[in-house]
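Taking it in order: structure first as structure tokens, then the write-up.
The values are calculated or read from the model by the stated rules, or taken from the named source; none is laboratory data. Note that the structure is a prediction, hence the values are computed from the model and not measured. Cβ sites come from the backbone with ideal geometry, for glycine too, and all protein chains shown count toward neighbours.
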Amino acid sequence: MKDALFHLDTLDGVGLQAQVREMLVSAILSRRLQPGEAVPSSRAMADQLSVSRNTITLAYQALVADGYLEGRNRSGYYVGTDAPVSEPSHRTNTSPANAKAALQERAQWTGRFCRTYSDLARVAKPLNWREYEYPFVYGQADPTLFNHSDWRDCARQALGLRNFESMAGDKGEADDPLLLDYIRARTLPRRGVLADTEQILVTLGAQNALYMLSELLCAQGMRVAIEDPCYPDLRNTLLRLGAEIVLIPVDEHGMVIDDRLNDVDVVFVTPSHHAPTTATMPLERRRALLAAADRHDFIIVEDDYDFELGFLQKPAPALKSLDRSDRVIYVGSFSKSLFPGLRLGYVAAPEPVIAELRALRLLILRHPPGYAQRTAAYFLALGHHDALIKRLRNAFARRRTAMRDALDAAGLSDARAPQFGGASFWIEAPNHIDTTILAERLRERSVLIEPGAPFFAASGSSHHMRLGYSSIPSEKIAAGVQIIRKEIERFS
């Protein structure tokens, strides 16, 4: 047994017992330890790793229970004879020349794709955004505002024996009944929306909902109205389907309602918090949009994301709550109010729509993970979500004030502040500024911004940018905005 085989890494949040277990499992699965081979005694392993003997003993016992190790009386621990191991790889000594020739003989994949997606416009979010000193990124969670112990307690309940059968089973087309009931009884009524559980579908976030609704309602040649600028993944989805996209401009009150809507089949709209301009559609315009839908017989898909984060004024009623003709399909999400990695959203619509969406979802992913649904259901039902929303609103109100003051001090007055609250500013820089280039330069100074170009259907709108404040402390906002100002001045 080589001593170098065993060592522990310093891993944040990972206990010593778990590290010992992972170390041995990795060695067994990779065949560095063979079935029947002895492992060091608990005392020897504890001395080698400088941990307590009890830590090693507990790790060994857990591995025995899972079949990775087996204990022998007065002999110690050995790799289990039936332990799972990887099959040995069959390597061939291939020269560089032969390897290159072999690659040339393989399938030429780029010529086999029926369509490509890697070249679509998208909003890029660096995975290492936390390493930047001034991350003005939108939609990321601030871990300092989230109560991890509450979530952990709900996760434990979801994993408990009482919930296991419901959580772990294949639900087919069904959703977690506890989560559906909370959405029906608590979430939707806050927006004035009344629905039965048969009229609600759980999705993998709002994006998954919009994708499935596009598949269900839109086809080649159909006229589909969207906002410009808008959420780019929605526009990309509709382009893939071959729909004829009707671009509707957005002003300070959201989507403009005019004759361009007279001959459309579907309208996608974000009235409560337009992405990315943050505009909120007033009640009069909402009613005008519903009246136009009745006159011209089109369907409305309402994306109502971020409504929970309003802290400046009372939110306007959802379109769905004003709908008297069953024309509005409502899409909501927990990504902004909980955390984006959860990937849970929902659709509220007439039963025939939900029935078709369930069948479509079954083809794609069957159902969202039961564990995530049940954990979220407990977190919501026990009041943790409401407490979190209160913390977010208070923190974002302070950061919004700091952003407004910093932008004014920097002379960036052409900034659209969210009318209801939210977590971002939409800024129109001077026309000669390309914010994509600006973003690249700012990265070198540890500042992250979001260029506005991907949100627009046509080129020529590269002087916009979005500055989010959901993940940057208030005390860093002013210094970060000053760096942005200085970099803008360098363009001149």
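Taking the criterion of being touching a Pro at 6+ places or on another chain (Cβ under 9 Å) and assigned to a loop (DSSP other than H, G, I, E, B), the only residue of segment 283-305 that qualifies is Asp304.
Quick check on Asp228: is it within 20 Å of Leu213 (Cα to Cα), charged (D, E, K, R), touching a residue at least 24 places away in the same chain (Cβ under 8 Å) and touching a helix residue (DSSP H, G or I) at 6+ places or on another chain (Cβ under 8 Å)? Break it down stepwise before answering.
On the way: within 20 Å of Leu213 (Cα to Cα): yes; charged (D, E, K, R): yes; touching a residue at least 24 places away in the same chain (Cβ under 8 Å): yes; touching a helix residue (DSSP H, G or I) at 6+ places or on another chain (Cβ under 8 Å): no.
Answer is no for this residue.
Please state which one of Leu247, Leu238 is within 18 Å of Pro454 (Cβ to Cβ) and either in a helix (DSSP H, G or I) or polar (S, T, N, Q) (or both).
Testing whether each residue is within 18 Å of Pro454 (Cβ to Cβ) and either in a helix (DSSP H, G or I) or polar (S, T, N, Q) (or both) leaves just Leu238.
Restricting Phe334, Phe298, Phe311, Phe339 to residues that are among the hydrophobic types (A, V, I, L, M, F, W, C), touching a Gly at 6+ places or on another chain (Cβ under 9 Å), surrounded by fewer than 23 Cβ atoms within 10 Å (Cβ to Cβ) and in contact (Cβ under 8 Å) with a residue 12 or more places away in the chain narrows the list to Phe311. Modelled with pLDDT of 95 or more, assigned by TED's automatic domain parsing to the domain that holds Gly205, hydrophobic (A, V, I, L, M, F, W, C) and part of a loop (DSSP other than H, G, I, E, B) - does that describe any residue in segment 309-316? No, because not a single residue in segment 309-316 is modelled with pLDDT of 95 or more, assigned by TED's automatic domain parsing to the domain that holds Gly205, hydrophobic (A, V, I, L, M, F, W, C) and part of a loop (DSSP other than H, G, I, E, B).
Selection of first residues in segment 24-42 that are free of Cβ contacts under 8 Å to residues at least 24 places away in the same chain and of second residues that are part of a loop (DSSP other than H, G, I, E, B) and of a type outside the set (S, T, N, Q), restricted to Cβ pairs under 6 Å at least 6 apart or on distinct chains, gives the following pairs, ordered by first then second residue: Ala27/Leu33. When we screen Leu442, Leu448 for residues that are modelled with pLDDT of 95 or more and under 16 Å from Ala410 (Cβ atoms), the only hit is Leu442.
Ile257: touching a Leu at 6+ places or on another chain (Cβ under 6 Å), assigned to a loop (DSSP other than H, G, I, E, B) and assigned by TED's automatic domain parsing to the domain that holds Ala225, yes or no?
On the way: touching a Leu at 6+ places or on another chain (Cβ under 6 Å): yes; assigned to a loop (DSSP other than H, G, I, E, B): yes; assigned by TED's automatic domain parsing to the domain that holds Ala225: yes.
Taking the combined requirement at face value, the residue satisfies it.
All told, Asp405 meets the bar of being touching a residue at least 60 places away in the same chain (Cβ under 8 Å), more than 17 Å from Arg184 (Cβ to Cβ) and acidic (Asp, Glu). Select from segment 252-269 the residues that are modelled with pLDDT of 95 or more and under 30 Å from the mean Cα position of the chain (by Cα) and write down the one among them that is farthest from Asn208 (Cα to Cα). Only one residue fits best here, namely Val256.
Could you grab me the full set of residues in segment 432-445 that are in contact with a strand residue (DSSP E or B) (Cβ under 6 Å, 6 or more places away or on another chain) and surrounded by fewer than 23 Cβ atoms within 10 Å (Cβ to Cβ)? Break it down into steps so the answer makes sense when it comes.
Here is the first cut: in segment 432-445, the residues in contact with a strand residue (DSSP E or B) (Cβ under 6 Å, 6 or more places away or on another chain) are 435-436, 439.
Selection gives Thr436, Ala439.
Scanning segment 72-80 for residues that are surrounded by fewer than 18 Cβ atoms within 10 Å (Cβ to Cβ) and aliphatic (A, V, I, L, M) turns up nothing. Scanning segment 260-282 for residues that are in a loop (DSSP other than H, G, I, E, B) and among the charged types (D, E, K, R), we see that the one that is surrounded by the fewest Cβ atoms within 10 Å (Cβ to Cβ) is Asp263.
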